[in-house]
Amino acid sequence: VQKLQNAFSAATGLASIITEPDGTPITNPSGFTCLCNQIIRKTEKGTKNCMNSDSTSGRPSKDGPIIQKCLSAGLIDGGASIMIGDYHIANWLMGQVMDASCNEADVLAYADEIGADRSDVLEALKNVPKMSQEQFLGFADFLYINAKELSMLAVVNLQQKQEIEMRLQAEAQLMQERELFKVTIQSIG
């Protein structure tokens, strides 16, 4: 899954991570910007807001990806849930992108709120990818389709695991019955 995530990030130029439903990282981040990884997530409030944003971006949706401004820097994020049946097991997230709706003043205000250095934020903001909403939506749809495929594979893997466990239990029971039969036959003799 890490290789798939890394390849997605490299191909799209977007940051990507897979998290628990609550936003706790499962994979290592791919393509994270300095702004998010080295500045915002280095503060307690920034990390808390990032995890909260990650959990809402990855919430289950049957209608397509969730796209929203992140709760930290106001950059654009998207996500899709990974499900086993009705059970939400993970979020696949992408983002850390500026589009036309992003505002430098809002990012600086947030930097002040979390105690980050404004000059560091301005310098890091220069390297945040810029993308049109249409292009971002295309990548979000691609991510959503892949998350659904991972969900289907997870269901198949779970079903195979359950089938293997049932077969092993049946074999163990058969071995016990054979042993009991053998002992019974020997006792009769």
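The values are calculated or read from the model by the stated rules, or taken from the named source; none is laboratory data. Because the structure is predicted, anything quoted here is derived from the model rather than measured. All Cβ positions, even for glycine, are placed from backbone atoms using ideal geometry, and neighbour counts span all protein chains on display. We work out accessible area using only protein heavy atoms, side chains counted, and drop any ligands, DNA or RNA first. Shrake-Rupley method; radii C 1.70, N 1.55, O 1.52, S 1.80 Å.
On C-alpha positions alone, give me the angle between the axis of helix 44-57 and the longest principal axis of the chain, in degrees, nearest 10. Roughly 60 degrees, rounded to the nearest 10. Solvent-accessible area assigned to carbon and sulfur over segment 102-189 amounts to 57 percent, based on a 1.4 Å probe. A viscosity of 1.567 mPa s and a temperature of 4 °C, combined with the Kirkwood radius over Cα pairs in Stokes-Einstein, give a translational diffusion coefficient for segment 52-91 of 126 µm²/s. The string of couplings for segment 151-158 from the Karplus curve (6.51, -1.76, 1.60, θ = phi - 60°) is 4, 5, 5, 5, 5, 4, 4, 5 Hz, one whole number per residue in order, with x for Gly and Pro. Coupling constants for segment 174-179 follow from the phi torsions by the Karplus curve (6.51 cos²θ - 1.76 cosθ + 1.60, θ = phi - 60°), and in residue order they are 4, 4, 4, 5, 4, 5 Hz; glycine and proline get x. In whole percents, the pair-distance distribution calculated for segment 79-178 from its alpha-carbon pairs, binned every 10 Å from zero, is 13, 24, 20, 18, 11, 7, 5, 1.
Working note: Karplus 6.51/-1.76/1.60 with θ = phi - 60° gives segment 9-19 the couplings 5, 5, 6, 9, x, 9, 5, 8, 7, 10, 10 Hz, where Gly and Pro are set to x. Against the empirical curve 2.2 N^0.38 Å, the C-alpha radius of gyration of segment 150-189 lands at a ratio of 1.95.
As a size descriptor, the averaged projected area of the C-alpha convex hull of the chain was calculated at 13.8 nm².
Taking every protein chain into account, the accessible area of the chain amounts to 59 square angstrom per residue (probe 1.4 Å). In the complete set of protein chains, residue-level accessible area for M166 is approximately 120 Å², probe 1.4 angstrom.
In segment 11-120, the inverse of the mean reciprocal separation of distinct Cα atoms equals 14.1 Å; this is its Kirkwood hydrodynamic radius.
Taking the alpha carbon gyration tensor of segment 3-51, multiplying each eigenvalue by 5 and rooting it gives semi-axes of 20, 14, 7 Å, largest first. You can think of it this way: the chain between R178 and Q133 has 9.5 nm of extra reach, that is 0.36 nm per residue less the Cα-Cα gap. Could you tell me how many degrees, from 0 to 90 and to the nearest 10, lie between the Cα long axis of helix 104-114 and the main elongation axis, the longest principal axis, of the Cα atoms of the chain? It is inclined by approximately 60 degrees.
Within the shell defined by Cβ-Cβ distances under 15 Å, the residues around M175 carry a net charge of 0, with Lys and Arg each +1 and Asp and Glu each -1.
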